[in-house]
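Novice: Here's a structure for you.
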Amino acid sequence: MASASPRRPRVLTGTPAEHGYSFPAEWTRHAGTWISWPRPEGISFPGFYHRSIQDVVRVIRTIAEFEPVHLNVPNDNYIRIVSETLRAGGVPLRRIVFHQIRTNECWTRDHGPAFVQRVRRGRTETAIVDWGFNAWGGKYPPWTDDDAVPTKVAGELGLPVFNADIVMEGGAVDFNGEGTVLTTTSCLLNRNRNPQCSRNEIEGLLKAYYGQRHVVWLGEGIEGDDTDGHVDDLARFVDAGTIVTAIESDPQDANFKVLQQNRKRLARARDAEGRPFEVVELPMPRPVVHEGMRLPATYVNFYFVNGALLVPTFGDRERDGEALRILRRVVTDRKVVGVDCRALIWGLGAIHCLTQQQPG
């Protein structure tokens, strides 16, 4: 099905925190998942578009087993082409909602809407935060269509919007649902994002626009990550008090020192109430290399949906299996499902990068 024509959303003044909104944890109930369909002329999959699309279809098919999927496409012709591709891939089209919203690339985690919620007079109300987007520090112009996505989604859904006039990407932050946001200095303090902001100012903006009370900082990102160190490749909350973090076992690997340093930071980290976290270590897959370039393959780029946790796998039978076993041990309230992302990772992202949840 396709959406109706969008309307101009109501713009709210002040910040979400001032209005009582906050960003929910990813494992809370979803109304659906948003994905921007990749375009052949985009920069994400040069020379490998058709192979990578099969991974995108696989991700969509798996998500659609658990919740509706909202797909951003440029026009009616795309709706026809994508519908045929999804149908051929076994995706039930009754679970897909198309939106005619143009994008430059497919990485909806970073350019998509940030949904915030509050409870007022016994009812849950939802709004959207429209952060600025500059293609990971100005690396991949143009990005004007991506930057416009959140307000267009707000118009599609009839939701109010907050405009945050600084750059922020959804993959740079993770939330425990109880007031703590996890991020990295290498990304959020990078001068290619918000050079006018100090660390304290960035913390204040995270609290104000995501409705949080406390920030936990990690350091550098993994090899091959062109985002300057997104936290969704490094460490993630699986519940309010538990963080899963990637660990490299080979001391000669380029990721060994970086991940050990982040592990030490997590050992010292506390939540908004001053309590330590339980930290669970996940292995890294063996290096995934394409045309001589190390790709940012990591099992931490998982994604919660209603009733399941979707985990990227990379054809590494031993380590894929170990990562899935560990996650099944710590995530016991839903299925843990591996999804092959060997072609998707050629675009330097996996399941979490591709998706953005809309809370129910």
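The values are calculated or read from the model by the stated rules, or taken from the named source; none is laboratory data. Because the structure is predicted, anything quoted here is derived from the model rather than measured. A quick note on method: Cβ atoms are made from the backbone with ideal geometry, for glycine too, and the neighbour counts reach across all protein chains shown.
Novice: Any residue in the range 270-298 that is buried (at least 16 other Cβ atoms within 10 Å of the Cβ) sitting within a Cβ distance under 9 Å of a residue that is part of a strand (DSSP E or B) and basic (Lys, Arg)? List the pairs, counting only those 6 or more apart or interchain.
Specialist: Phe277/Arg270; Pro287/Arg294; Val288/Arg294
Novice: Looking at the range 1-57, which of the residues that are within 23 Å of the chain's Cα centre (by Cα) and aliphatic (A, V, I, L, M) is modelled with the lowest pLDDT?
Specialist: Ile43
Novice: Ok, one more. Take Ala148 and tell me if it is closer than 26 Å to Leu348 by Cα and surrounded by fewer than 21 Cβ atoms within 10 Å (Cβ to Cβ).
Specialist: So Ala148 passes the test.
Novice: Between Val289, Val305, which is of a type in the set (Val, Ile, Thr) and closer than 27 Å to Gln357 by Cα?
Specialist: Details: Val289 fails: closer than 27 Å to Gln357 by Cα.
One residue alone meets the criteria, Val305.
Novice: Given the options Thr185, Thr227, name the one that is hydroxyl-bearing (Ser, Thr, Tyr) and surrounded by fewer than 24 Cβ atoms within 10 Å (Cβ to Cβ).
Specialist: Working: Thr227 fails: surrounded by fewer than 24 Cβ atoms within 10 Å (Cβ to Cβ).
The unique qualifying residue is Thr185.
Novice: Against the definition (of a type in the set (A, V, I, L, M) and either in a loop (DSSP other than H, G, I, E, B) or under 23 Å from Gly349 (Cα atoms) (or both)), how does Val91 come out, yes or no? Quick ask: steps written out before the conclusion?
Specialist: Details: of a type in the set (A, V, I, L, M): yes; either in a loop (DSSP other than H, G, I, E, B) or under 23 Å from Gly349 (Cα atoms) (or both): yes.
Criteria met by Val91.
Novice: Here's something else I'd like to know. Could you give me the residue pairs with C-beta distances under 7 Å whose first residue belongs to the range 312-334 and is aromatic (Phe, Trp, Tyr) and modelled with pLDDT of 95 or more, whose second residue is in a helix (DSSP H, G or I) and surrounded by 12 or more Cβ atoms within 10 Å (Cβ to Cβ) wherever it lies, and which are 6+ apart or on separate chains?
Specialist: Phe314/Asp320; Phe314/Ile345
Novice: What number of residues in the range 151-160 are crowded, with 22+ Cβ neighbours inside 10 Å and β-branched (Val, Ile, Thr)?
Specialist: Count: 1.
Novice: So, one more: For a quick check of your reading: which helices (runs of 4 or more DSSP H) sit entirely within the range 117-183 and have at least 2 residues that are under 18 Å from the mean Cα position of the chain (by Cα) and on the phi > 0 side of the Ramachandran plot?
Specialist: 135-138
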